[in-house]
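S.K.: Handing you this structure, nothing more for now.
A short reminder: the numbers here are calculations on the coordinates, not readings from a lab. Quantities reported herein were computed from a predicted structural model and do not represent experimental measurements. Cβ: placed from backbone, ideal geometry, glycine included. Neighbour counts: every protein chain shown.
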Amino acid sequence: MKCNIICKFADEKAEQMNAVVTPEKALRFDRMLSAASRAVLSAHIHADGDAVGSCSALLHYLRESRGIDAHVVLPDRDAGGTSFLIPEEDRPYYHFHLTDAADAEAVIARSDLVILLDCNSFSRTEGLEAALRGSAAPKVLIDHHLNPETESFDLIFSTEAISSASEMLFQVLCAMPDVAGDASRLPAHSAVALMTGMTTDTNNFANSVFPGTFEMASRLLAAGVDRDAILSQLYNSYRENRLRVMGFLLGKMTLTPEGAAYMILTKRNMNAFGISEGETEGFVNIPLSIREVRLSVFLKQDAGYFRVSTRSKKGTSAQQFAARYFNGGGHENAAGGRLYFSDSITSIKDVVAYLENALNEFLS
Ligand SMILES: [Mn+2]
């Protein structure tokens, strides 16, 4: 019997990958690290597993392997589920602009190297944007999003043909002379953090998986990474409240005739369930398990606006939907944006009307 589900990875994807980490670029990065003494690493607002994973992996490599006084500066906070990547002894190296802007900006001001991870533009670091842009230090981008802000960086490692910023960083680190392709030469924490970032960005190897993704996973496992322990931290360490609010949202989920599903979480509901930022991570993926659903939208109320997350099945563009109706972006099948309250959108009812109209227009 002929199998009609075959994997088709175009050769150009592999080639694209080779063109990203060339020996010349690796050498330039190695020289930049050798010249640096105080580096600052940053990532997008609402840091997820890949943002925290790639930052904490690089933090440990720079500190342990390169003797660089490295610090991580994040716009708001780390995602709840990845706090195991920031052990108590690492806390002094993490700075959150939301809770201490002066401290975060001072760290950037004294750094002689800026590295942005899992983020295609300084604008996505929100409160940190001015300080990062204003830094006179050389700037490096390690990312996997569409449309990197090329003009703002001295060196860029970025392609969409990769699972995560963590995978991009893995390739870059493997090209460093002290690692030389041997993942067991990475600091143990870095290996765990890279595996974590790749796992969360692929939704545990369900989406955005490339040949290099399994190769990296294989090499990290061979280097001793305990994936069971990571999975237990990521997926079996939630609070009861998270499942209660999940049940509530799924009960109220709306399906549209065009093949969309949406869920809306208000501030009032968040407070009632005692849910904090980051605890609803992954909810937007669930409705895609329904056969008819090709686009899932999750709205979560924030101060003056709704955060919008969208996920889609192949053939439907979550990215275009987020860009067209929510002034956002991201990846083809995973994107996000915002819906602000305005003169025409003053209530939840208006939000629902806007969303339903958008879904109808986009999908029909
Ligand atoms: Mn990412």
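S.K.: Only Cα pairs within less than 10 Å get springs; with that Gaussian network setup on the chain, which residue of GLY282, GLY53, GLY212 has the largest fluctuation?
M.R.: Ranking GLY282, GLY53, GLY212 by mean-square fluctuation puts GLY282 first.
S.K.: How much net charge surrounds ASP118 when only other residues with a Cβ under 9 Å from its Cβ are counted (Lys, Arg +1; Asp, Glu -1)?
M.R.: -4
S.K.: Shifting gears a bit: Residues in segment 275-307 near a label at LEU250, defined as backbone nitrogen under 15 Å from the 7 Å Cα→Cβ point?
M.R.: Under cut-off, by backbone N: 280-291.
S.K.: Using 0.36 nm times the number of residues separating ASN360 and ALA229, minus their current alpha carbon distance, what extension gain do you get?
M.R.: 42.9 nm
S.K.: Kindly put SER232, SER344, SER158 in sequence by how many other C-beta atoms sit within 10 Å of each C-beta, fewest to most. Display every interim value, and only then the final one.
M.R.: Numbers: SER232 12, SER344 8, SER158 20.
The order, fewest Cβ neighbours first, is SER344, SER232, SER158.
S.K.: Give the percent of DSSP beta bridges with both residues in the chain that are antiparallel, rounded to the nearest 5.
M.R.: Here the antiparallel bridges make up roughly 40 percent for the chain.
S.K.: Okay, next question. Give the distance, in whole Å, between the Cα centre of segment 307-336 and the Cα centre of segment 148-207.
M.R.: Using only Cα atoms to place each centre, the spacing works out to 24 Å.
S.K.: Expected output is a single nm value to one decimal: the length gained when fully extending between PHE341 and LYS313, i.e. 0.36 nm times separation in residues minus the C-alpha distance. What is it?
M.R.: 7.2 nm
S.K.: Using the Cβ atoms and a cut-off under 13 Å, what net charge is assigned to the surroundings of ASN147, where Lys and Arg are +1 and Asp and Glu are -1?
M.R.: Charge balance in the 13 Å sphere: -4.
S.K.: Test of understanding: ordering MET198, MET216, MET246 by Cβ neighbours within 10 Å, fewest first, what list do you get? Don't jump to the answer; show the numbers that get you there.
M.R.: Working: MET198 31, MET216 23, MET246 19.
Neighbour counts put them in this order, fewest first: MET246, MET216, MET198.
S.K.: Give LYS313/LYS349; LYS252/LYS313; LYS314/LYS349; LYS300/LYS349; LYS267/LYS313 a once-over and call out the pairs whose C-alpha atoms are over 19 Å from each other.
M.R.: LYS313/LYS349; LYS252/LYS313; LYS314/LYS349; LYS267/LYS313
S.K.: For a footprinting-style exposure proxy, rank ASP201, ASP103 by other Cβ within 10 Å, fewest first.
M.R.: Numbers: ASP201 28, ASP103 12.
If I rank by nearby Cβ atoms, fewest first, I get ASP103, ASP201.
S.K.: Here is a further query. Helix-only mean residue ellipticity at 222 nm, the chain, DSSP H runs n ≥ 4 weighted -39,500 (n - 2.57), per residue, nearest 500. What is it?
M.R.: Dividing the helical sum by the residues of the chain leaves -11500 deg cm²/dmol.
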